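The structure appears below as C-alpha cells.
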Amino acid sequence: MAQTPTQHPCLSCGACCAYFRVAFYWREAEPDGIWKVPVKLTVDLDSTYRCMKGTEVKHQNKCVALTGRIGKDAHCSIYQNRPTPCRNFMASYEDGTHNPRCDEARNRHGLRPLCKSDYPPAPETPAGTPQVEKT
Ligand code: SF4
Ligand code: SF4
C-alpha cells in the first residue's frame, strides 16, 4: 500500500531548478531590492534582467543555488532570498490545479508527474474551533 506523504513534494524534487531559465528584474538582486537575491549567484542577461547563474541556457544546467540530489533531497540554499519566478512557480496540484510545466521539468529528470495524493493530508481542525473565512 502507498505510504501517506509527510512533506511537500518540492522538498525532494528540485527538477524545475535544473530545467528552466530563471530570469528576473535586476533590482531583485540589489541590496535594497525586494528579495535581496545574492548578486554573486546571478548573471546579467541584458540591461533589464538578471538570471540565476547556471540557468542562462534553458534545459542545460542547474541553478547554482540548488543543493542536494534532484528527486531525492534537493533544496534551495537561498530559499528566503529566491527571486520572484521561483516564488510564483507552483508545483502541480499544490493549489489544486495541474501545472504541465512542473510535469515537464520532472519528466526531464525521470520523475513521474505529481498527483493530488503526493501531498500530506491537511491538518485537522480541532473540535470546537470557530469557522472563519476571508471576507
Ligand atoms: S533560486 Fe532556489 S528556487 Fe530558484 S531556481 Fe535556484 S535553487 Fe531553485
Ligand atoms: S518541478 Fe514541480 S515538484 Fe519539482 S521542485 Fe519544481 S515545482 Fe516542485
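The values are calculated or read from the model by the stated rules, or taken from the named source; none is laboratory data. Remember, predicted model here, so these are calculated numbers, not experimental data. Cβ: placed from backbone, ideal geometry, glycine included. Neighbour counts: every protein chain shown. Surface accessibility is based on the protein's heavy atoms, side chains included, excluding ligands, DNA and RNA. Shrake-Rupley method; radii C 1.70, N 1.55, O 1.52, S 1.80 Å.
Seen from every direction in turn and averaged, the convex hull around the alpha carbons of the chain projects onto 11.3 nm².
For the chain, lysine pairs with C-alpha atoms less than 16 angstrom apart, excluding pairs fewer than eight positions apart on the same chain, total 5. Across region 50-62, coupling constants 3J(HN,Hα) worked out from phi with the 6.51/-1.76/1.60 Karplus curve, θ = phi - 60°, read 10, 9, 5, 4, x, 10, 4, 9, 4, 6, 10, 8, 10 Hz, and Gly and Pro carry x. Taking 7 Å steps out from each Cα toward its Cβ at ARG108 and GLU30 produces label points 3.1 nm apart. Taking all protein chains into account, the per residue accessible area for the chain stands at 68 Å² (1.4 Å probe). In terms of accessible area, using a 1.4 Å probe and ignoring ligands and nucleic acids, TYR119, TYR79, TYR93, TYR49 rank largest first as TYR79, TYR49, TYR93, TYR119.
Here the Karplus relation 6.51 cos²θ - 1.76 cosθ + 1.60, evaluated at θ = phi - 60°, turns the backbone of region 100-105 into coupling constants of x, 6, 5, 4, 4, 5 Hz, with x for every Gly and Pro.
Could you tell me what percent of the accessible area of region 9-116 is made up of carbon and sulfur, with a 1.4 Å probe and every protein chain present?
The value for region 9-116 is 52 percent carbon and sulfur by accessible area.
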